[in-house]
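J.: The structure is given below, and queries will be raised subsequently.
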Amino acid sequence: MSVFAGCTLKNIRNGKSPYQRPDVVSAIKTKILIFYAIFYTVLAGLFTICIQGLFSTLNETEPKWKLDKSLIGTNPGMGFRPLSDETERGSVIKFDTKKPEQAQYWIELLDDFLKQYQGEGKGGKHCEFNQTHKPEDVCVVDVEKFETCSPANHYGYKNGRPCVFLKLNKIYDWTPQYYDDTKDLPEEMPVELKSYINSLAATELQQVWVSCSGTNAQDRENIGSIKYFPGQGFPAFYYPYLNQPGYLSPLIAVQFEKLPVSHMVNIECRAWAKNIIYSGSARDRMGSVTFQLFID
């Protein structure tokens, strides 16, 4: 046995391990501290380099992957408001005209949704079809053009004629391909929508058309008359979306004037453009949205 080992063994037997000496313990702690300081410094440096490399590939004004190269794709989804935060309500809009607090619930949801359109969106341009538009122009969504579906009219909920607001989801640089030839409209397009399109001037035909109907024969019978404000399409001057400051998606207010009482009506609203793929499948719905209206 070596002299060092013998001494160490002797010290341990005597309860005096060298690792219990203050100077040895201090040296070990110092080395560990230096090691971890260097380790975490190098780790932080590598992380910073990776993050900077990632940020260098990003653009603040437009996504790197667009349209068919992106996860979103080129087929915009359709949404509706009011939509309750209470998940148990689902897509059902239900209220009793004899209980003002129930109608008020939906009115307040729409008030909150439209605040953005009454605020910063007002800084844009009031656009018309006969004007020249630049891609960077931001066209205002004028809430006053919703007429009986305006906030001043409580969106029709107080008189049992509820309004539902429709919008297309934003897709960067997506431009609709319009059905702007009155002689070449889809066979499956509703007769009412075809009549509306034929009533417009040639300068107003570039729109993403919208139609709403019951999802089955009984619903179509019960749905009653429908009005669209400010019209039955999303005008071309709102497209494409290029992340312009202040841009807000255009809206269409759909008012259901003669819904049956104590009877749920299932409604589907569809967008019409040559490059909007439609599927009415409940599992894989595209180009449309469904909701239910129930008035007690």
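J.: Which whole-number percent is the relative contact order of region 67-295 (Cα, under 8 Å, 6+ apart)? Intermediate results must be reported in sequence, preceding the final value.
T.: Numbers: 420 pairs, mean separation 63.0, N = 229.
It comes to 28 percent, rounded to a whole number.
J.: Further question on the same structure: Give the residues of region 139-175 whose amide nitrogen is closer than 12 Å to a point set 7 Å from the Cα of Gln131 in the direction of its Cβ.
T.: 139-142, by backbone N distance to the label point.
J.: Amide H to amide H under 5 Å from Gln207: which residues, 5+ apart in sequence or cross-chain, H placed 1.01 Å off N in plane?
T.: Here Tyr179 satisfy the definition.
J.: Lysines within cross-link reach of Lys99: Cα-Cα under 30 Å, excluding same-chain residues under 8 positions apart?
T.: Within the straight-line limit of under 30 Å, Lys99 reaches these lysines: Lys115, Lys145, Lys158, Lys167, Lys227, Lys258.
J.: How big is the chain by Rg and Dmax over its Cα atoms, in Å?
T.: 31.8, 110
J.: Using a 1.4 Å probe on the protein heavy atoms, what percent of the accessible area of region 67-295 belongs to carbon and sulfur?
T.: 47 percent
J.: Under the Karplus relation 6.51 cos²θ - 1.76 cosθ + 1.60, θ = phi - 60°, what is the ordered set of whole-Hz ³J(HN,Hα) values for region 140-155, x standing for Gly and Pro?
T.: Those phi angles translate into 6, 9, 7, 4, 5, 6, 7, 6, 6, 9, 7, x, 4, 9, 6, 6 Hz.
J.: I've got another one for you. Can you tell me what share of the DSSP beta bridges in the chain is antiparallel? A percent to the nearest 5 is fine.
T.: Beta bridges within the chain, antiparallel portion: roughly 80 percent.
J.: Grab the DSSP H runs of the chain that are 4 residues or longer, score each as -39,500 (n - 2.57), total them, divide by all residues and round the 222 nm result to the nearest 500 deg cm²/dmol.
T.: Dividing the helical sum by the residues of the chain leaves -9000 deg cm²/dmol.
J.: Further question on the same structure: Which trypsin sites (Lys or Arg not before Pro) in region 53-89 sit in a loop by DSSP (not H, G, I, E or B) and have at most 10 other Cβ atoms within 10 Å of their own Cβ? It would help to have the intermediate numbers written out before the result.
T.: Values: sites: Lys64, Lys66, Lys69, Arg89; in loops: Lys64, Lys66.
In loop regions of region 53-89 (DSSP not H, G, I, E or B), the sparsely surrounded trypsin sites (Lys or Arg not before Pro) are Lys64.
J.: With each pseudo-label sitting 7 Å past Cα toward Cβ, what's the Glu188-Asp111 distance in nm, one decimal?
T.: 4.1 nm
J.: So, one more: Can you give me the convex hull volume of the Cα atoms of region 69-221, divided per residue and expressed in Å³?
T.: 184 Å³
J.: At a 10 angstrom cut-off on C-beta neighbours, averaged per residue, how do the peptides 268-276, 185-193 rank from highest to lowest?
T.: Details: 268-276: 20.1, 185-193: 12.7.
The packing order, highest mean first, is 268-276, 185-193.
J.: Using the basic label-point model (7 angstrom from Cα toward the beta carbon), what is the Lys274 to Thr175 distance in nanometres?
T.: It is 1.2 nm.
J.: While we're here: Using the alpha carbon gyration tensor of region 150-221, what are the three equivalent-ellipsoid semi-axes (square root of 5 times each eigenvalue), largest first, in whole Å?
T.: Numbers: eigenvalues 134, 71, 40 Å².
They are 26, 19, 14 Å, listed from largest to smallest.
J.: Can you return the aspartates and glutamates within cross-link range of Lys66? Criterion is Cα-Cα under 16 Å, with same-chain partners fewer than 8 residues away left out.
T.: Cα-Cα hits under 16 Å: Asp173.
J.: Whole number please: convex hull volume per residue of the Cα set in region 168-290, in Å³?
T.: With only Cα atoms used, region 168-290 gives 130 Å³ per residue.
The values are calculated or read from the model by the stated rules, or taken from the named source; none is laboratory data. Predicted, not measured: the structure shown is a model, and the values here were computed from it. Glycine gets a Cβ as well: all are built from the backbone with ideal geometry, and neighbour counts include every protein chain shown. Ligands, DNA and RNA are excluded from the accessible area calculation, which covers all protein heavy atoms including side chains. Shrake-Rupley method; radii C 1.70, N 1.55, O 1.52, S 1.80 Å.
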